[in-house]
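Below: the structure, in C-alpha cells.
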Amino acid sequence: MRKVRFGFLVMGLIMAALTSLRAEDLSSTEPSLSAAEWGAQSARFKVTNATEEYKNVVVISRARAISGPLKPVRYTRHSFMMDPQSTREENFPIEIPSTYGNIGLEIEMYDVVDTLDQLVVSQRFYAYKKELDFPVPNALKEILDLNIEVPVMGGKNYAFDNQFGRILGMLLARGKSPDEIAALCQCRPEFVNNYISHLAEEGYVESSEGGFRPRFITIEKAQAESLRPAIDGAAVSLAAVIAANFKAYDSTLDALAASGKLTRDAHDALDGGAILYHKYPVTLTFLLWNLLGRSFVNESLPFNIFADSDPCNNYMGDFHYLVAGGPGSNGKTFYYQTKNSMGEAIFCGYGDFEVSCPPKFVPVGPQKAVVRWDFRAGNEEYPFIFNTEKMIAPISLLMVDTYKPMETLKKEVETVMAGSSFEKYKRGALYWCWNLVVTEVMDKLTADGTMKKEGAGLYSFQRVDY
C-alpha cells in the first residue's frame, strides 16, 4: 500500500513540474479591450513562446450575463501557430451580449497539439477575467420593466436572447428611429444600425417609408391585459368540456380494445394506437395543438413554427412575436410539426427545453439547409409512435363542444388587436393567445386529476402506418 501511495506521489510531483514548465513555455500579456461596449469588440495582447519548438495556440472568449432575467452567452474561438523563441501580437475578436447588468468576460489561452482538439484545463497557460457593468438608463426603465417575452423555443437565437434585441423590436413597432433608440439605450448609433441590418438579413425587420418596422406582431402590455379575461374564460370552458368528454373517450378505447382494433398495452411499440392511453401527451399535442390549435391559429391548415428553419437557427417567421408583461403573459408550451427521414414527426412539450446544435454553429435565420439538432442532455423527450387512422375516432370525441369558446375568443382577439400590424401578422398574435389557453387548460386538467404529466413534459412523435 505504501509503495502504491509513493508511486502516486511521484507521479503527482512529475505532473506538477510539467505543468509549471508548460506555464513558463508560453505566456501572455493582459488583454486590452478595444471598448467595454455591446457587440463585436477585440482584445489585444502579446503571446511569447520561450521554447525551441513551434506551438499551436487556441484562444477562446466567453461573455455571459451574470445578473438580470436573461442570461445570453457569446463565445469566440481563434487559433494560430507560433515560431520558436518568438513573440506575437494578436487582436482577438470577442462578442459582448447586448443586455443590461453585469457581464462576466473570460479569455483563456491553450497550448495544444491540434487546434481542433477538445480543450482541457491542463493545456491552459493563461486565463483572464473581467466584469463589465451596463447600468439601465433612466429613460429606458419603463420599457425594460415590461419584461418583454418571446415564444417558448423562440428565444434561442442571438437576435432575441438578450434585452436589447427585445427592446429594439418593441421600439421599432412604436415608430422609434435608430437614433432615438440609441439615445434611449445609451449605445452607439452604429451598433443599433448594425443590429437592425442583422435583423433585416434574418427576415425580422423591413424598411418602410417611416423607417424600419418588425416583420412580426408586437403585443403591448395593455393589449395583453385587455385580452386576459377572454383567454382565462376560454380556458375554463375548454377544460370543463374536455374533462367531461373523457368519459366517452375512455368507453371508446375499451370498445376498440375489446374488438381487437386496439392494443390493451399502453406501451405496445407495435401499435400506433397505444399512445391513446397516454392522456397528457394526447391532449396537449393532438387535441389542443394539432386539431384545435391549427383551427384557431392557421385556418385549420397544418403549420410548422420553424418552416424554412429549425430549432437551432430558430427562425419562426409569422409565428414569432414579442409580448410585454413578463412570464405570466406568455404560454409555456410549444408545438413543432415537421418531417424527417422516416416521415411526419412532431415535437411538443410543456416547458422551455434546451437544444444541442452542431459544434461552432452560428444561427443564420431562415435557410433551407438541414441542421442536425437534438434536445440537450437532461431534456430527453418521451418518444411515441402514432397512427392517425386509429386516433381519429377517439380524439374526435374530445373535440365535442369545443368550438364555441374558441370562436368567441378569436373574435375578441381580432377586436382588441385590430390594426394594420395584426392583419399582416395575425398568426403570431393567435399563436401567442392560443399558447396561453393551452397552458391554462393543461394546468386545470392536471390540477383536477383528469390526467397526469408524463416525464418532464417533453414528447416526440413519429407517424407509422401500423
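Kindly indicate which of I107, I103, I143 is in contact with a helix residue (DSSP H, G or I) (Cβ under 8 Å, 6 or more places away or on another chain) and hydrophobic (A, V, I, L, M, F, W, C).
On the way: I107 fails: in contact with a helix residue (DSSP H, G or I) (Cβ under 8 Å, 6 or more places away or on another chain); I103 fails: in contact with a helix residue (DSSP H, G or I) (Cβ under 8 Å, 6 or more places away or on another chain).
The unique qualifying residue is I143.
Residue by residue, here is whether (1) of a type outside the set (S, T, N, Q); (2) within 17 Å of R294 (Cα to Cα) holds:
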| site | (1), (2) |
| --- | --- |
| T402 | no, yes |
| P405 | yes, yes |
| T408 | no, yes |
| M417 | yes, no |
| S421 | no, no |
Query raised in the report: Could we say that G349 is modelled with pLDDT of 95 or more and not aromatic (F, W, Y) here?
Result: yes
Query raised in the report: Which of the residues belonging to segment 275-302 are without any contact (Cβ under 8 Å) to a residue 40 or more places away in the chain and under 19 Å from C348 (Cβ atoms)?
Result: Y277, R294, S300, L301, P302
Report task. Output the residues belonging to segment 293-316 that are crowded, with 23+ Cβ neighbours inside 10 Å and at pLDDT 95 or above. Result -> G293, F296, V297
Requested in this report: Scan segment 83-97 for residues that are in contact with an Asp or Glu (Cβ under 9 Å, 6 or more places away or on another chain) and either surrounded by 15 or more Cβ atoms within 10 Å (Cβ to Cβ) or of a type in the set (F, W, Y) (or both) and jot them down.
Outcome: I96, P97
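What are the residues in segment 345-364 that are surrounded by fewer than 19 Cβ atoms within 10 Å (Cβ to Cβ) and either among the small types (G, A, S) or more than 18 Å from S309 (Cβ to Cβ) (or both), if any?
Within segment 345-364, the subset surrounded by fewer than 19 Cβ atoms within 10 Å (Cβ to Cβ) is 345, 351-352, 354-356, 358-362, 364.
Within segment 345-364, A345, G351, S356, P359, K360 qualify.
Let's see how each residue does on (1) touching a strand residue (DSSP E or B) at 6+ places or on another chain (Cβ under 9 Å); (2) crowded, with 16+ Cβ neighbours inside 10 Å; (3) under 30 Å from T439 (Cβ atoms):
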position	(1), (2), (3)
I181	no, yes, no
L199	yes, yes, yes
Y204	yes, yes, yes
S207	yes, no, no
T218	yes, yes, yes
R228	no, no, yes
A239	no, yes, yes
Report summary line: How many residues of segment 133-163 are over 29 Å from V437 (Cβ atoms), crowded, with 17+ Cβ neighbours inside 10 Å and touching a Gly at 6+ places or on another chain (Cβ under 9 Å)? The answer is 2
Query raised in the report: When the residues of segment 420-461 are filtered to those that are of a type in the set (D, E) and more than 22 Å from A248 (Cβ to Cβ), which remaining residue is surrounded by the most Cβ atoms within 10 Å (Cβ to Cβ)?
Result: E440
Report task. Could you please find all residues in segment 241-285 being closer than 22 Å to V438 by Cα, buried (at least 21 other Cβ atoms within 10 Å of the Cβ) and aliphatic (A, V, I, L, M)? Result -> I242, I275, L276, V282, L284
Report summary line: Pairing a residue in segment 184-197 that is assigned to a helix (DSSP H, G or I) and among the hydroxyl-bearing types (S, T, Y) with any residue that is surrounded by 19 or more Cβ atoms within 10 Å (Cβ to Cβ) and at pLDDT 95 or above, where Cβ atoms lie under 7 Å and the two sit 6 or more apart in sequence or on different chains, gives Y195/L168
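Is at least one residue of segment 230-240 over 30 Å from M391 (Cα atoms) and either at pLDDT below 95 or not hydroxyl-bearing (S, T, Y) (or both)?
yes
The values are calculated or read from the model by the stated rules, or taken from the named source; none is laboratory data. Everything numeric in this text was worked out from a predicted model, so none of it was measured. Virtual Cβ from ideal backbone geometry, glycine too; neighbours counted across all protein chains shown.
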